[in-house]
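> Got a structure for you, questions after.
The values are calculated or read from the model by the stated rules, or taken from the named source; none is laboratory data. Computed from a predicted structure; not experimentally measured. Glycine also receives a Cβ, built like all others from the backbone with ideal geometry; neighbour counts cover every protein chain displayed. These accessible areas exclude ligands, DNA and RNA; they are computed on the full protein's heavy atoms, side chains included. Shrake-Rupley method; radii C 1.70, N 1.55, O 1.52, S 1.80 Å.
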Amino acid sequence: MSKAALPFPANLQIAHAASRRILRPAAFAAISALVALSGCSKALNDVTGSIGRPAAPAELPSNEGELRRLAEEWGERYEKNTKNKDIAMTYARILHALDQNAQAVAVLQGAAIQYPQDKKVLSAYGKALADAGRLSEAADILSKAHTPERPDWSVMSAQGTIADQLGNHDAARNFYEEALKLHPNDPTVLSNLGLSYALSQQLPRAEETLLTAAAQPGADMRVRQNLALVLALEGKFSQAEEWSRRDLSPIDAAANVASIRQMISQSNTWRDIQQKAPATRRNVAARGEEAAPAPAAH
């Protein structure tokens, strides 16, 4: 996570508890790591096992109070039976929803020690490590979470997000393309692919890919907000705000786009994009939209 900083105003990849998080600044410090890409951030949401009564919820509540109640309930279950992998994975999923990623990692690490050959446990553990920023460890664990004979498209997508965050965008796109062969037109994978193009400053291709992702039946808020982000990076602020309003109030959508605009105007990123994407500048000028000004040279 190097290069010039370009944080932006939302962890746009997390669908649950959206109202609580949508305006929280993202934790990334560089254009080379635009966001916590979708494959990792939603990883633990796939765990929906059935464990006695009440069963693990298929979808977690968005209310933080309800999440904390669930965390207490499942934490007690986990303390009574730390070797039960389903309880451990459900508890980790709830911790992840509360942004308690370090604790989720610890719980899943214990499960991985108990079940070192269980691909689902390794997958959840590797994705949790990635969410906690432990990218090299995550890459190692995820490489063991599936095999060439039985590949897992969601693991491939997560491996791609790690490669992107490490700056290896060609390798990341290979992972996404292989994942799409197994799970065609998956909006999450397409969204990750689009962001990967954005990280390489291939903004028109990023926009095209994200438009395809947003058109899929399973596309959600994360995909649409990623598209809004890329549109803003291209200087298409009115279009970015229009997409953002599909999930946010007009006030929040305007605030998000304004924050992105301000942040890119305060760094060298916009100048870099303009220098490497002259077609984008011409298109913005032709539409009469105002591009974010590049800062004065020092």
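> Hey, can you tell me all the residues within segment 86-99 that are open to solvent by 10 Å² or more (accessible area, probe 1.4 Å), in a helix (DSSP H, G or I) and under 19 Å from Asp131 (Cβ atoms)?
Met89, Tyr91
> Determine whether Gln239 is in a helix (DSSP H, G or I) and more than 25 Å from Ala128 (Cα to Cα). Full working, then the answer.
Working: in a helix (DSSP H, G or I): yes; more than 25 Å from Ala128 (Cα to Cα): yes.
So Gln239 passes the test.
> Going by what's in this entry, would Ala258 be described as open to solvent by 40 Å² or more (accessible area, probe 1.4 Å), at pLDDT 95 or above and among the small types (Gly, Ala, Ser)?
Against the criterion (open to solvent by 40 Å² or more (accessible area, probe 1.4 Å), at pLDDT 95 or above and among the small types (Gly, Ala, Ser)), Ala258 does not qualify.
> Shifting gears a bit: In segment 176-216, how many are open to solvent by 70 Å² or more (accessible area, probe 1.4 Å), without any contact (Cβ under 8 Å) to a residue 24 or more places away in the chain and not charged (D, E, K, R)?
Of the residues in segment 176-216, 3 are open to solvent by 70 Å² or more (accessible area, probe 1.4 Å), without any contact (Cβ under 8 Å) to a residue 24 or more places away in the chain and not charged (D, E, K, R).
> Do you know which residues across segment 240-254 are open to solvent by less than 40 Å² (accessible area, probe 1.4 Å) and more than 10 Å from Ala228 (Cα to Cα)?
Hits for segment 240-254 are Leu248, Ala254.
> Only one residue in Lys127, Lys119 is touching a residue at least 60 places away in the same chain (Cβ under 8 Å), basic (Lys, Arg) and out of contact with any strand residue (DSSP E or B) (no Cβ under 8 Å at 6 or more places or on another chain), so which one is that?
When all the criteria are applied, what remains is Lys127.
> Output the number of residues of segment 181-210 satisfying the condition of being part of a helix (DSSP H, G or I) and under 17 Å from the mean Cα position of the chain (by Cα).
Within segment 181-210, residues that are part of a helix (DSSP H, G or I) and under 17 Å from the mean Cα position of the chain (by Cα) number 17.
> Next question, about the same structure. Restricting the search to segment 100-140, which residues are closer than 17 Å to Ser154 by Cβ and open to solvent by 60 Å² or more (accessible area, probe 1.4 Å)?
Those that are closer than 17 Å to Ser154 by Cβ and open to solvent by 60 Å² or more (accessible area, probe 1.4 Å): Lys119, Lys120.
> Turning to a different aspect of this structure: Residue by residue through segment 98-128, note down the ones that are over 23 Å from Glu64 (Cα atoms) and of a type in the set (A, V, I, L, M, F, W, C).
Correct list: Ala111, Ala112, Ile113, Val121, Leu122.
> Among the numbered criteria (1) modelled with pLDDT of 90 or more; (2) under 20 Å from Gln165 (Cβ atoms); (3) assigned to a loop (DSSP other than H, G, I, E, B), which one does Val223 miss?
Tallying (1) modelled with pLDDT of 90 or more; (2) under 20 Å from Gln165 (Cβ atoms); (3) assigned to a loop (DSSP other than H, G, I, E, B), Val223 fails exactly one: (3).
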